[in-house]
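Every number in this text was worked out from the coordinates using simple rules, so none of it is lab data. Values in this document were obtained by computation on a predicted structure and should not be read as measured data. Glycine also receives a Cβ, built like all others from the backbone with ideal geometry; neighbour counts cover every protein chain displayed.
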Amino acid sequence: MFIKNLAVVILVATIMCAAQAENNSDYYYPKGVSTQMTSQEIIITKEKAILDRWITGDTFGFIEAAAEEITYFDPGLEKRCTGKKEFHNWIAAFNGTFSFPNYELLDPQVQMHGDVGVLTFNFIGIMKDGSKEYFNTTEVYKLINGDWKLISSHWSQTKPKL
């Protein structure tokens, strides 16, 4: 009888833990992101949360979002960063060295291919003096263990026609 009761207790505890894990969306997604959102909405929301940190000089949002296999390009690099360690070393060096008051994320689009989402957008960084920096951006996210992780990032500075 004891073993039967113990088995029931273990079964109930397992079901409760599974239900709690299913409802714990804050673990995987930025605060306020619902698991009822589409994959496209989750990816865009995650990117915006990372950029909200970036403009304060906090570069670790990108590092935390990166998968181990990340590849990264930006205008300051002569060649691609490959892997999370190399990416971390590059991005962490800028932590706390800059800030700017605002940005615009224009026309974000996510193309889904199974468990991969390709996010493209135009980024405008608005500097303290009112000047602007323009980038074309491609961010590739992959669903890994229930979380959308950044597997490739490419930022190209541009000068739009005025």
| request: Give the cross-link partners of Lys161 among the lysines, using a straight C-alpha distance below 25 Å as the criterion and excluding same-chain residues fewer than 8 apart. | output: Lys128, Lys132
| said: For a quick check of your reading of the filter: which trypsin sites (Lys or Arg not before Pro) in the stretch 42-110 sit in a DSSP loop and have no more than 10 other Cβ atoms within 10 Å? | reply: Lys79
| query | Short version: ³J(HN,Hα) in whole Hz for each residue of the stretch 96-112, in order, from phi by Karplus 6.51 cos²θ - 1.76 cosθ + 1.60 (θ = phi - 60°), x for Gly and Pro, what are they? | reply | x, 9, 7, 6, 8, x, 7, 8, 10, 10, 9, 6, x, 9, 10, 9, 8
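Under a Cβ-only charge scheme (Lys and Arg +1, Asp and Glu -1), can you give me the dipole magnitude of the stretch 38-158 about the Cα centre, in debye to the nearest 20?
160
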| note | Checked against the positive end of the charge dipole of the stretch 38-158 (+1 on Cβ of Lys and Arg, -1 on Cβ of Asp and Glu, about the Cα centre), the farthest of Phe87, Leu150, Leu106 is Phe87
| Can you give the convex hull volume of the alpha carbon atoms of the stretch 38-158 per residue, in Å³? | 100
